[in-house]
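Undergrad: Below: one structure in structure tokens.
No value in this document is a laboratory result; all are computed from the given coordinates. Remember, it's a predicted structure, so these values are computed and weren't measured experimentally. With ideal geometry, Cβ positions are generated from the backbone for all residues, glycine too; neighbour counts draw on all protein chains shown.
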Amino acid sequence: MVLQPGEASVAQRIAQAYPSLSAAHRQVARFVLDHPLRAATLPVNELADLVGVSVATANRFARAVGYAGYAKFRAALVLGYEKALAPVEKLRGGREQPATVSGILDGALADIVRNIEATRRGLDGETCGRAVEAIRQARRVYVVGLGSSSWPAGILARNLDVNREDIHLLATLEGPGFAARTLRRLTADDLVIALATPRYFADTVRLAEIARKHGAAVLALTDGPHSPLVATATIALYAQTDCHYFAASDASLTALVEALASAFAHVTVDLVPAATRVTEAVLPWLDRDYAAWPPQGGADDLPDTPPPGAVP
């Protein structure tokens, strides 16, 4: 079902019909207008219970505002919320099927494997090469990811930082305001890597648009050509993110992030020295006394016995 040009929305139909609605129908109308997203997820009996009317009244309300019945009314209400409602609808159907905890675990892991394999098959060698080259050539790289995408964004920034300077993660506690202030310094020599999967954060899309207005390149890591990031991006890599229990699977996006960072590491000329420098920097912070290397007093500070689990 698609809203045709010039066709009235649910809210418009309710507004037009409201003066002639009965008191009970007005109760339903007020609930729908106050909670459109929630109403779009409810079958007719649940909506009737919440509002305090009969199922018959809820059905008659749908007809009173111009629909053939409640099913048509709900389908119209869902328009515009498809991506946001996807996990709710999947959960509603999934709960009707009996399942064990081990079965859910197995199914979720199988879904992740399928997503990653589909992501791998969908990668285009030329586009991947352009993405890595954009990271290598940029003066500065800014990584933007909000909501659930902030976690893989952090992993990407962390891994890229091993092999190049000027990696800036813009997912902070301060939110998109900090990112917008930081991006005012962008030039055409910079790169913004923007991550977003359903449900897409509007702020991520806006920040990508700001980057393009400054002339910077935008590398989008998202879930497909339909993503709102693609219209702004100069390069796009896609991860399949199908998931039964959440809006999107983070596992395949995280896998794509790690693969991209690995490809960038491979083209880094001084990869071994860079990795050595990172190892030396973190070694004193690793667990166990012998991780602080070299010992402050030299060989005299070495433990007399090997650590637990050491191979003799």
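Undergrad: Could you order peptides 251-260, 101-110 by the average number of other Cβ atoms within 10 Å of their residues, highest first? Working shown, then result.
TA: Values: 251-260: 22.5, 101-110: 11.2.
The most tightly packed comes first, giving 251-260, 101-110.
Undergrad: Quote to one decimal, in nm, the extra length available between Thr276 and Tyr245 on full extension: 0.36 nm per residue of separation minus the C-alpha distance between them.
TA: Details: separation 31, 0.36 × 31 = 11.16 nm, distance 4.08 nm.
Length gained between Thr276 and Tyr245: 7.1 nm.
Undergrad: Among the GluC sites (Glu not before Pro) within segment 94-181, which fall in a DSSP loop and have no more than 13 other Cβ atoms within 10 Å of their own Cβ?
TA: Passing both the DSSP loop test and the Cβ count: Glu96, Glu165, Glu174.
Undergrad: I've got another one for you. Please give the FRET efficiency for Thr234 paired with Ala75, using the beta carbon to beta carbon distance and R0 = 30 Å, rounded to the nearest 0.05.
TA: Here the calculated transfer efficiency is 0.20.
Undergrad: Can you give the net charge of the other residues whose Cβ lies under 12 Å from the Cβ of Ala233, counting K and R as +1 and D and E as -1?
TA: Surrounding charge for Ala233 is +1.
Undergrad: Right, something else. Just grab the label-to-label distance for Val101 and Arg185, each label 7 Å out from Cα along the Cβ direction, in nm (one decimal).
TA: The answer from the label model is 4.9 nm.
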